[in-house]
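To start, the structure itself, in structure tokens.
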Amino acid sequence: MNTIIIGLQWGDEGKGKIVDYLTESSDVIIRGQGGNNAGHTVIAKGTKYVLHLLPSGILWDNKINVIGNGVVIDPVGLVQEIQKIEAQGISITPDKLIISDRAHVVLPVHKELDAAREAALGDQKIGTTRRGIGPAYADKINRCGLRISDLLDREFTEQQITRRVTEANEVLARYNLTIFKADEVIAEVYSAFERLRPHIANTIPELHSAWKAGKTLLFEGAQGTLLDIDFGTYPFVTSSNTTAGGSCTGSGLPPTAIQSVIGVCKAYTTRVGSGPFPTCDEGLSEYLHGLGREFGATTGRPRGCGWLDTVLLRFACMVNGVTGLAVTNVDGLDEYETLQICTGYDIDGTVHQLPPADRKAWDRAKPVYESLPGWKSDTTDCTKYEQLPAQAKAYLSRLSELCGAPIAFVGVGPDRAQTLVV
Ligand code: GDP
Ligand code: IMO
Ligand code: MG
């Protein structure tokens, strides 16, 4: 069975952990969108790994990991990440990691342009990860981007980088940001590219061969549904389709290759960066930060925390066609007396079951809550779903009922082993 793993909230749901867990029974793991704005934490046998561009299947031997055409790749960042993971004892060889020749390149100037755009927005800033994601995807859509295959033609690439740097410098000068020298950018990009060159391939026929040979494919989503460029809280979103369809457009594999969609959500809600967050709760944020939880893996920023929001989850289950839910961080609520679940948004006196499109309506959305008793006990040692306290099972069953999708996995701790199969 071929499966998509997708985030149902605003990212950081624990996708990396679920992908790592399911890699054991998969053959090929594929990233189809986003870039190193993603930060996927996996804890395996006591060691913590943080992955940004590398698929979370990379920690296993004898698995093929693919960075698909829909991803935007910062070559310098990717090489640094490879070096870090290799220093942790994981070898990254061309038979284990394949990079699409159609993927677009994030240049150092894109990162600085990301910062310039944020500066221009002032208090309306998106709160991006400053990894150059928006500007790189903008160039792609604007049909002036540079692709990995272009790097194979050095003369052409040098012309393109020189043109892009000149254009970017005009913008950067206005914000007193770093001005780039084209020859330095070219040297930096090519120094990284040499490490990546053996991994580059036309991934589309390779993926189709694997599919036709009956290999098990696992698609790793980055970010989450509410950060999707179409379905998210626009404009406070990322610049790619983070939802299930992005797995197809980002890999060249068709929808008919996929049988299941596992939607990952936390047992509560978190968000990092700006934008609407109706169930945000200061008390819960303070509580979880006090436990040392909910600090971003990419930027270290504290994530805002709030109650479980089933308006978002219902919508996310719809647009992704979720066949099973993976609810992580259930243990985060272990000590709480009373838990709230948001079942609808009250906007100007009318209760809505689905999120609004209108950006101003988001600001007026008041969550409608129902309360459930907490379980007030430690779930981290549970090894089977049946061992969970009755109140935890009741909470999960209500979540499932409100979203219209069955629970497939439950996370009771960050370690690979703390994953319960339902
Ligand atoms: P991703 O971006 O969706 O892969 O999620 P992140 O890795 O950015 O954030 C999820 C955080 O929760 C990480 O620190 C994980 O180690 C951690 N995590 C994942 N599942 C669980 C769980 O069930 N319990 C606990 N305590 N932590 C978890
Ligand atoms: P993973 O894969 C959480 C957020 C940023 C910002 C917005 C736009 O780890 O779940 P960008 O740099 O993409 O232009 O920023 O999206 N964001 C994430 N938040 N998890 C992520 O990835 C994110 N990737 C981007 O904080 O609000
Ligand atoms: Mg993350």
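Structural remarks
- Residue match in region 82-90 (condition: open to solvent by less than 10 Å² (accessible area, probe 1.4 Å), within 16 Å of ligand 1 (Cβ to nearest atom), modelled with pLDDT of 95 or more and not assigned by TED's automatic domain parsing to the domain that holds ALA316): yes
- Annotation note: of ALA187, ALA192, ALA173, ALA168, the sole residue that is touching a residue at least 60 places away in the same chain (Cβ under 8 Å) and either in a helix (DSSP H, G or I) or open to solvent by less than 10 Å² (accessible area, probe 1.4 Å) (or both) is ALA192.
- For the criterion of being out of contact with any strand residue (DSSP E or B) (no Cβ under 9 Å at 6 or more places or on another chain) and either open to solvent by less than 50 Å² (accessible area, probe 1.4 Å) or part of a loop (DSSP other than H, G, I, E, B) (or both), ASP363 fails.
- No other residue among SER371, SER377 is in contact with a Pro (Cβ under 9 Å, 6 or more places away or on another chain) and not assigned by TED's automatic domain parsing to the domain that holds SER25 apart from SER377.
- The set of residues in region 3-31 being open to solvent by 10 Å² or more (accessible area, probe 1.4 Å), more than 8 Å from ligand 1 (Cβ to nearest atom) and in contact with a strand residue (DSSP E or B) (Cβ under 7 Å, 6 or more places away or on another chain) consists of THR3, TYR21, LEU22, ASP27.
- Residue list for region 26-72, filter: assigned to a strand (DSSP E or B), under 12 Å from the mean Cα position of the chain (by Cα) and aliphatic (A, V, I, L, M): LEU51
- Residue that is under 30 Å from GLN9 (Cα atoms), open to solvent by less than 60 Å² (accessible area, probe 1.4 Å) and in contact with a Phe, Trp or Tyr (Cβ under 9 Å, 6 or more places away or on another chain), where the choices are GLY221, GLY145: GLY145
- When residues in region 1-32 are screened for being under 20 Å from VAL327 (Cα atoms), within 16 Å of ligand 3 (Cβ to nearest atom) and among the charged types (D, E, K, R), 5 of them pass.
- Residue check, ASN62 within 13 Å of ligand 3 (Cβ to nearest atom) and open to solvent by 10 Å² or more (accessible area, probe 1.4 Å): no
The values are calculated or read from the model by the stated rules, or taken from the named source; none is laboratory data. Values in this document were obtained by computation on a predicted structure and should not be read as measured data. In this analysis, Cβ positions are derived from the backbone assuming ideal geometry, glycine residues included, and neighbour counts consider all displayed protein chains. All accessible areas refer to the heavy atoms of the entire protein, side chains included, with ligands and DNA or RNA removed. Shrake-Rupley method; radii C 1.70, N 1.55, O 1.52, S 1.80 Å.
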